[in-house]
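The values are calculated or read from the model by the stated rules, or taken from the named source; none is laboratory data. Treat the numbers as computed from the prediction; the structure is a model and nothing was measured. Here the Cβ positions follow ideal geometry from the backbone for every residue, glycine too, while neighbour counts run over all protein chains shown.
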């Protein structure tokens, strides 16, 4: 006797508010008026936009707003959705709230991607659940998450450092002294005698340490090939600076150099 396959039908929702009313929320009976207003405005005016910013004060329910938008698009548009938080602690908080209070299926992805379970990977990649992870898990040289359809950035203002660090090569003097001295010597013809002296001083005072100067962009363009050769020589496979160098080495003419 042949068995008939049972096809699971997904319920269609006219809007995000109707989705909320159908969720198994344990502690939230209704949306605040400002949450409902934002969701309506988003759906009517910004649903097709590529980049949308929503600003709400702390404690006003922005996490629920973000998750409802994410869940609606996951269900209605079959999108693969990734929700980003600044820290692991916040990742776990969002997942606990989402699963236990909001009735929205989310999965926490923290730690090494080698530790992600196959079941969780499958659920995320097939759009069965929203993935929740940290900024640093996505913004690095080799992220596991490939081409999500929608990215929700919680506390987006905190993302700047995580994103910029991928394209920032920081060379601490006393940790990488050999590379540091090679670069400073390359810059020397374009530095004043006093600045060069402070940069190589074996016992810099607090005043010197706190000074930040920008190397002229026109001069950087002139010596970019020499810098490229120096950094390529020093930053080998075992160096912890290699990953940032890989990101910027083909674009030195677009970089800024500070010392």
Checklist entry - If only one of 124, 145, 109, 139 is touching a strand residue (DSSP E or B) at 6+ places or on another chain (Cβ under 8 Å), in the same structural domain as residue 23 (by TED's automatic domain parsing) and surrounded by fewer than 20 Cβ atoms within 10 Å (Cβ to Cβ), which one is it? => result 145
Checklist outcome for this item: Checked against (1) surrounded by 13 or more Cβ atoms within 10 Å (Cβ to Cβ); (2) out of contact with any strand residue (DSSP E or B) (no Cβ under 6 Å at 6 or more places or on another chain); (3) at pLDDT 95 or above, residue 133 satisfies every condition except (2)
Checklist entry - What is the one condition in (1) closer than 22 Å to residue 240 by Cβ; (2) part of a strand (DSSP E or B) that residue 133 does not satisfy? => result (1)
Checklist entry - Can you name the residue in region 2-23 that is touching a helix residue (DSSP H, G or I) at 6+ places or on another chain (Cβ under 9 Å) and surrounded by 10 or more Cβ atoms within 10 Å (Cβ to Cβ) and, of all such residues, is modelled with the lowest pLDDT? => result 13
Checklist outcome for this item: Among 235, 187, 252, 241, the single one that is buried (at least 16 other Cβ atoms within 10 Å of the Cβ) and more than 22 Å from residue 139 (Cα to Cα) is 187
Checklist entry - Can you find even one residue in region 160-177 that is within 26 Å of residue 62 (Cα to Cα) and surrounded by 16 or more Cβ atoms within 10 Å (Cβ to Cβ)? => result yes
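Evaluate the following for residue 226: is it surrounded by fewer than 14 Cβ atoms within 10 Å (Cβ to Cβ) and in contact with a helix residue (DSSP H, G or I) (Cβ under 8 Å, 6 or more places away or on another chain)? Spell out the reasoning first.
Values: surrounded by fewer than 14 Cβ atoms within 10 Å (Cβ to Cβ): yes; in contact with a helix residue (DSSP H, G or I) (Cβ under 8 Å, 6 or more places away or on another chain): yes.
So residue 226 passes the test.
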Checklist entry - Any chance region 88-102 includes a residue that's assigned by TED's automatic domain parsing to the domain that holds residue 54 and under 21 Å from residue 52 (Cα atoms)? => result yes
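Taking helices (runs of 4 or more DSSP H) that fall entirely within region 27-113, which contain at least 3 residues that are closer than 23 Å to residue 11 by Cβ?
Values: elements: 33-41, 62-77, 88-97.
It comes to 33-41, 62-77.
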Checklist entry - What pairs come up if the first residue lies in region 46-68 and is in contact (Cβ under 8 Å) with a residue 60 or more places away in the chain and assigned by TED's automatic domain parsing to the domain that holds residue 93, the second is in a loop (DSSP other than H, G, I, E, B) and buried (at least 17 other Cβ atoms within 10 Å of the Cβ), and their beta carbons are under 8 Å apart, counting only those six or more places apart or on different chains? => result 62/154; 63/154; 66/154; 67/104
